[in-house]
1. In the list SER73, SER32, SER42, which residue meets the criterion of being of a type in the set (Gly, Ala, Ser) and either touching an Asp or Glu at 6+ places or on another chain (Cβ under 8 Å) or modelled with pLDDT under 90 (or both)?
2. Of everything in the range 41-68, what is surrounded by 12 or more Cβ atoms within 10 Å (Cβ to Cβ) and in contact (Cβ under 8 Å) with a residue 24 or more places away in the chain? Give them in sequence order.
3. I'm checking my understanding of the structure. Among residues of the range 1-29 that are among the charged types (D, E, K, R) and closer than 25 Å to SER73 by Cβ, which one is modelled with the lowest pLDDT?
4. In the range 72-89, which residues are out of contact with any helix residue (DSSP H, G or I) (no Cβ under 7 Å at 6 or more places or on another chain) and either under 16 Å from LYS4 (Cα atoms) or small (Gly, Ala, Ser) (or both)?
5. May I ask you to list the residues in the range 1-40 that are out of contact with any Ser or Thr (no Cβ under 8 Å at 6 or more places or on another chain) and either surrounded by 17 or more Cβ atoms within 10 Å (Cβ to Cβ) or touching a residue at least 60 places away in the same chain (Cβ under 8 Å) (or both)?
6. In the range 17-72, which residue that is aromatic (Phe, Trp, Tyr) and within 20 Å of the chain's Cα centre (by Cα) is nearest to GLY83 (Cα to Cα)?
Amino acid sequence: MANKRELKKEINFISNELIAECLFNKLYIKNSDPQKIDELLSRIINCQDDFLRRVNTPDGKENPKLVKKYYKSLIQSFDNKIGEILKELGELNK
């Protein structure tokens, strides 16, 4: 991660791609469950808001090591959350 702006753009891009995939499933796949897709959309949007908020508030602003550790943990947490969402999205397509 080079800076906060790039991290925010990455979070927004991934979230927007997931939202587009959910909307595609809802509109074009006949046997998809609209209620489950709506719940998944809510989770994606809440996840996006949560992580964008967390990008702006790092722990230990004065200590670069703590900041680096914070962002590393944040990125790992975001990756795990996106992995869970992708798994659920994949299950909806079966």
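1. Details: SER73 fails: either touching an Asp or Glu at 6+ places or on another chain (Cβ under 8 Å) or modelled with pLDDT under 90 (or both); SER42 fails: either touching an Asp or Glu at 6+ places or on another chain (Cβ under 8 Å) or modelled with pLDDT under 90 (or both).
Only one candidate passes the filter, namely SER32.
2. Selection gives ARG43, ILE44, ILE45, CYS47, GLN48, PHE51, LEU52, VAL55.
3. So, considering only residues that are among the charged types (D, E, K, R) and closer than 25 Å to SER73 by Cβ, the one modelled with the lowest pLDDT is LYS4.
4. LYS72, SER73, ILE75, GLN76, SER77, GLY83
5. Start the filter on the range 1-40 by keeping residues that are out of contact with any Ser or Thr (no Cβ under 8 Å at 6 or more places or on another chain), which leaves 1-24, 27-40.
Passing the criteria: MET1, LEU7, ILE11, ILE14, SER15, LEU18, GLU21, CYS22, ILE29, SER32, ILE37, LEU40.
6. Narrowing the range 17-72 to residues aromatic (Phe, Trp, Tyr): 24, 28, 51, 70-71.
Cutting the leftovers down to within 20 Å of the chain's Cα centre (by Cα) gives us 24, 51, 70-71.
Working: PHE24: 19, PHE51: 15, TYR70: 20, TYR71: 18 Å.
Across the range 17-72, the extreme among qualifying residues is PHE51.
The values are calculated or read from the model by the stated rules, or taken from the named source; none is laboratory data. Just so it is clear, the model here is predicted, and its values are computed rather than measured. Cβ: placed from backbone, ideal geometry, glycine included. Neighbour counts: every protein chain shown.
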